[in-house]
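Peer 1: Here's a structure for you.
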Amino acid sequence: MKQFLTFVKKEFLHVLRDKKTLLILFGMPVVQILIFGFALTNEVKNSQIVVVDYAKDIASQEIITKIEASRYFEIRKSLAGSKELEAAFRTGEIKMAVIFPEGFNNQLLHQNKAQIQVLADASDPNNATTLTNYVSSIINDYQTELNQENPLPLQIKPEVKMLYNPQLKGAPNFVPGVMALVLMLVCVMMTAIAIVKEKETGTMEILLVSPFKPLMVILSKAVPYLLLSMVNVISILLLSVFVLDLPIEGNIFLLFAESTLFIITCLTLGIFISVKTDSQQTAMLISLLGMLLPTLLFSGFMFPIENMPLPLQWFSNVVPSKWYYIIVKGIMIKGLGFSYVWKETLILFGITIFLLIISLKSFKIRLS
Amino acid sequence: MESVVVKNITKTYGKEKKAAVNDVSFSVNKGELFGLIGPDGAGKTSIFRILTTLLLADNGSASIDGLDVVKDFKSIRNTIGYMPGKFSLYQDLTVEENLNFFATLFETTIQENYDLIKDIYIQIEPFKTRRAGKLSGGMKQKLALCCALIHKPNVLFLDEPTTGVDPVSRKEFWEMLQKLKKQDITIIVSTPYMDEANLCDRIALIQDGKILSIDSPKNIIQNYPDVLFAVKAANMYELLKALAEYPNRLMSYAFGEFAHFSFKENPNKADLLQFLETKGIKNIEIKEAAVTIEDSFIKLLS
């Protein structure tokens, strides 16, 4: 036991004395959360649009005021002709144009029917759909107001309620994703490098020629990163609660326990990589490419898994971060309890045991 | 009593099965200082790794204090000390932290075996808070020796401990080994430096994975079959060229500021002198030379 503690203490010294490692370890989560929180967001905000008002009557003005009031749009100066409009679309200055024909109000009042032209830049289809939806709903709003005095005889009105995330903020989606990503990167890469480093510098040679058990080498390498990663989980949660205003709906201890399990999964993955490689560079490359991409692609936080071809959907099942992502989303955003995430927990547990066993089996007790 | 026994060890590497160790056998007695002497690539490190249970030999067997290096590798790892050729301590830990770590690893403490390392440790103690990576070459080796000794091993394996170390530190290092020998620790040391061979009790001269000769340095020198001469002249290059053309020549090669030379039969200094003078060599000086290990090695290689 004393051997083990000394070994763990030694690992801590390695980490704490290496400024670069420390920076990656604690800088990366903070930077990623902030980048995803503020810069890389797929929410549509302040899109540049143009309103061309040929009508200039009371109805058009009221609608324009409503559009202006929304936080989704920023109205730029009206352009005169259709040529300028086209040019502005081409250069990407504007994303949408709303055009009111002459006599808009008249048509509305006398023919009970008026038209507004909405042009959207569909080179980014998601964005265009979102923008046109927003405008349509604004126009619908106005229409309902008009009809208040004399409601239509037959009416079906869908009452839409956005559950768990009524304001459709991006944060609830990406915080669990970033947690999966950061823990995956930090734990896998750091442990993989830490063990391979001993091989590369030759210290493994001395460790092997000692009574110390291989299992102990592996465990004592993993313990410091387990503790440091838990600090990371805390800092990510603090950031998301206090900076991104994302409350934790579920049980925080459950969330913490699940995170610990995921960290252990990642650590065993790192150990597995380190057992199989001989240089720090290879270990780093494998952990970066082999972990970062699958986590981004197959955890479901950037691209919905249901839309992928079947083989890829099957593959996503072996990506640990997918299960962790589901768990965190469930607990953090939906406030679910353990009874709803036990299956995912079990899968993570299984992956961990599997990796640990094959790492121990393939740990070399000799050189080469 | 035999401490280390090596029998017909062979080790090959790679697809082409190049033999790094070729049918090597030797044995080392308890408390003996045994040297493996040979140039780089002779197979010294491979032999060390096989004996320290780090590599498996293709053929042959070896035992340490009666324990088989393959079957009983776990027990062997408790009882030997190993200092690899490459500096293999933690560079970012201090001298004291390194020593403490290895002491704990072997389930002992610095205090328990302080006597053993005292003479060596006292020299690096002033720097005990310095990181190992920042030490000079000689001090690094002293620290590595301390770490390899801290658990009072029965057999100590030192793979080229003095390579890249300054002459003064090298001398000190060998003095320490002499002291350790008195503690009844068997020491197997490898070195490419022939001058260090004289400091061993017995040496094995090794080249291309084969042992050429095993004996005490004294016997190896005494068994040198020829009379060896040292020749000096104004122009070394011309001298070596002329010596190579001498009919009664057995061997000639540069050795420091001299050329070492031996006759095929009937050593005749006067005849050699006359021959060299006819070749136009100036300032010729010929004297009998004391045989060194290096001369024996060159003789064995020829």
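Peer 1: For residues in segment A:209-236 being over 19 Å from A:VAL8 (Cβ atoms) and open to solvent by 10 Å² or more (accessible area, probe 1.4 Å), which is farthest from the other protein chains (Cβ to nearest Cβ)?
Peer 2: Per the stated criteria, the residue is A:ILE234.
Peer 1: Find the residue count for segment A:328-344, including only residues that are open to solvent by less than 20 Å² (accessible area, probe 1.4 Å) and either closer than 14 Å to A:THR268 by Cβ or more than 14 Å from the chain's Cα centre (by Cα) (or both).
Peer 2: 3
Peer 1: Being part of a helix (DSSP H, G or I), out of contact with any Cys (no Cβ under 6 Å at 6 or more places or on another chain), in contact (Cβ under 8 Å) with a residue 40 or more places away in the chain and away from chain B (no Cβ under 14 Å) narrows it down to one of A:TYR324, A:TYR340, so name that one.
Peer 2: A:TYR324
Peer 1: Being in a loop (DSSP other than H, G, I, E, B), at the interface with chain A (Cβ under 8 Å from one of its Cβ atoms) and of a type outside the set (Phe, Trp, Tyr) is the filter here, so list the residues in segment B:72-90 that pass it.
Peer 2: Of everything in segment B:72-90, those that are in a loop (DSSP other than H, G, I, E, B), at the interface with chain A (Cβ under 8 Å from one of its Cβ atoms) and of a type outside the set (Phe, Trp, Tyr) turn out to be B:PRO84, B:LYS86, B:SER88, B:LEU89.
Peer 1: Just one of (1) in a helix (DSSP H, G or I); (2) within 37 Å of the chain's Cα centre (by Cα) trips up A:GLN61, so point out which.
Peer 2: Unmet condition: (2).
Peer 1: Restricting attention to segment B:178-225, and to residues there that are among the aliphatic types (A, V, I, L, M) and in a helix (DSSP H, G or I), which single residue is most open to solvent (accessible area, probe 1.4 Å)?
Peer 2: Applying the filter and picking the extreme gives B:LEU199.
Peer 1: Filter segment B:95-105 down to the residues that are open to solvent by 20 Å² or more (accessible area, probe 1.4 Å) and at the interface with chain A (Cβ under 9 Å from one of its Cβ atoms), then identify the one that is nearest to A:LYS10 (Cα to Cα).
Peer 2: This residue is B:GLU97.
Peer 1: Among the residues of segment B:78-90, is there at least one that is surrounded by 17 or more Cβ atoms within 10 Å (Cβ to Cβ), of a type in the set (D, E, K, R) and in contact with a helix residue (DSSP H, G or I) (Cβ under 9 Å, 6 or more places away or on another chain)?
Peer 2: Taking every residue of segment B:78-90 in turn, none turns out to be surrounded by 17 or more Cβ atoms within 10 Å (Cβ to Cβ), of a type in the set (D, E, K, R) and in contact with a helix residue (DSSP H, G or I) (Cβ under 9 Å, 6 or more places away or on another chain).
Yes/no matrix, rows are residues, columns are (1) closer than 22 Å to B:THR52 by Cβ; (2) touching a residue at least 60 places away in the same chain (Cβ under 8 Å); (3) not polar (S, T, N, Q):
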site	(1), (2), (3)
B:TYR224	no, yes, yes
B:LEU228	no, yes, yes
B:LEU239	no, no, yes
B:SER262	no, no, no
B:ASN283	no, no, no
B:LYS287	no, no, yes
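Peer 1: In segment A:1-11, what count of residues is obtained for those that are under 15 Å from A:LYS197 (Cβ atoms) and either more than 7 Å from chain B (Cβ to nearest Cβ) or open to solvent by 40 Å² or more (accessible area, probe 1.4 Å) (or both)?
Peer 2: Looking only at that region, the number is 2.
Peer 1: In this structure, does B:ALA42 turn out to be assigned to a loop (DSSP other than H, G, I, E, B), more than 30 Å from A:PHE12 (Cβ to Cβ) and open to solvent by less than 20 Å² (accessible area, probe 1.4 Å)?
Peer 2: yes
Every residue, every condition in (1) among the aromatic types (Phe, Trp, Tyr); (2) open to solvent by 60 Å² or more (accessible area, probe 1.4 Å); (3) within 14 Å of another protein chain (Cβ to nearest Cβ), yes or no:
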| site | (1), (2), (3) |
| --- | --- |
| A:VAL15 | no, no, yes |
| A:VAL30 | no, no, no |
| A:PHE36 | yes, no, no |
| A:ALA55 | no, no, no |
| A:ILE58 | no, yes, no |
| A:GLN61 | no, yes, no |
| A:ILE67 | no, no, no |
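Peer 1: Looking at this structure, is A:LEU85 assigned to a helix (DSSP H, G or I), surrounded by 12 or more Cβ atoms within 10 Å (Cβ to Cβ) and free of Cβ contacts under 8 Å to residues at least 40 places away in the same chain?
Peer 2: Here the answer is yes, as A:LEU85 does meet what is asked.
For (1) under 29 Å from B:MET194 (Cβ atoms); (2) open to solvent by less than 20 Å² (accessible area, probe 1.4 Å); (3) in a helix (DSSP H, G or I), each residue gets a yes or a no:
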site	(1), (2), (3)
B:VAL28	yes, yes, no
B:PHE48	yes, yes, yes
B:VAL70	no, no, no
B:ASP92	no, no, no
B:GLU107	no, no, no
B:ASP119	yes, no, yes
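Peer 1: Please work out if A:ASN165 is more than 14 Å from chain B (Cβ to nearest Cβ) and within 16 Å of the chain's Cα centre (by Cα).
Peer 2: It is true that A:ASN165 is more than 14 Å from chain B (Cβ to nearest Cβ) and within 16 Å of the chain's Cα centre (by Cα).
Peer 1: Here's another thing I want to ask about it. Exactly one of these conditions fails for B:PRO126: (1) surrounded by fewer than 16 Cβ atoms within 10 Å (Cβ to Cβ); (2) more than 22 Å from the chain's Cα centre (by Cα); (3) within 14 Å of chain A (Cβ to nearest Cβ); (4) of a type outside the set (Val, Ile, Thr). Give me its number.
Peer 2: For B:PRO126, the failing item is (3).
Peer 1: Could you check segment A:298-324 and list, in sequence order, the residues that are under 18 Å from A:LEU348 (Cα atoms) and under 13 Å from the mean Cα position of the chain (by Cα)?
Peer 2: A:PHE298, A:SER299, A:GLY300, A:PHE301, A:SER321, A:LYS322, A:TYR324
Peer 1: Looking at segment B:129-142, which of the residues that are in a helix (DSSP H, G or I) and farther than 13 Å from B:THR162 by Cα is most open to solvent (accessible area, probe 1.4 Å)?
Peer 2: Going through the qualifying residues, I end up with B:LYS134.
Peer 1: With respect to the numbered conditions (1) under 30 Å from A:ARG366 (Cα atoms); (2) in a helix (DSSP H, G or I), which one is the sole condition not fulfilled by A:ASP278?
Peer 2: Status for A:ASP278: all satisfied but (2).
Peer 1: Another question about this same structure. Under 14 Å from B:PHE157 (Cα atoms), touching a Gly at 6+ places or on another chain (Cβ under 7 Å) and either among the hydroxyl-bearing types (Ser, Thr, Tyr) or part of a loop (DSSP other than H, G, I, E, B) (or both), is that true of B:THR53?
Peer 2: Against the criterion (under 14 Å from B:PHE157 (Cα atoms), touching a Gly at 6+ places or on another chain (Cβ under 7 Å) and either among the hydroxyl-bearing types (Ser, Thr, Tyr) or part of a loop (DSSP other than H, G, I, E, B) (or both)), B:THR53 does not qualify.
Peer 1: When you go through A:SER316, A:SER274 one by one, which is the residue that is open to solvent by less than 20 Å² (accessible area, probe 1.4 Å) and more than 17 Å from A:LEU181 (Cβ to Cβ)?
Peer 2: A:SER274
Peer 1: Residue check, A:ILE94 against (1) among the β-branched types (Val, Ile, Thr); (2) farther than 20 Å from A:ASP124 by Cβ; (3) open to solvent by less than 30 Å² (accessible area, probe 1.4 Å), all met but one. Which one?
Peer 2: All conditions are met except number (2).
The values are calculated or read from the model by the stated rules, or taken from the named source; none is laboratory data. What you see is a predicted model; the values in this text were computed from it and never measured. Using ideal geometry, Cβ is built from the backbone for each residue, glycine included, and neighbour counts are taken over all protein chains shown. These area figures cover heavy atoms from the full protein model, side chains too; ligands, DNA and RNA do not enter into them. Shrake-Rupley method; radii C 1.70, N 1.55, O 1.52, S 1.80 Å.
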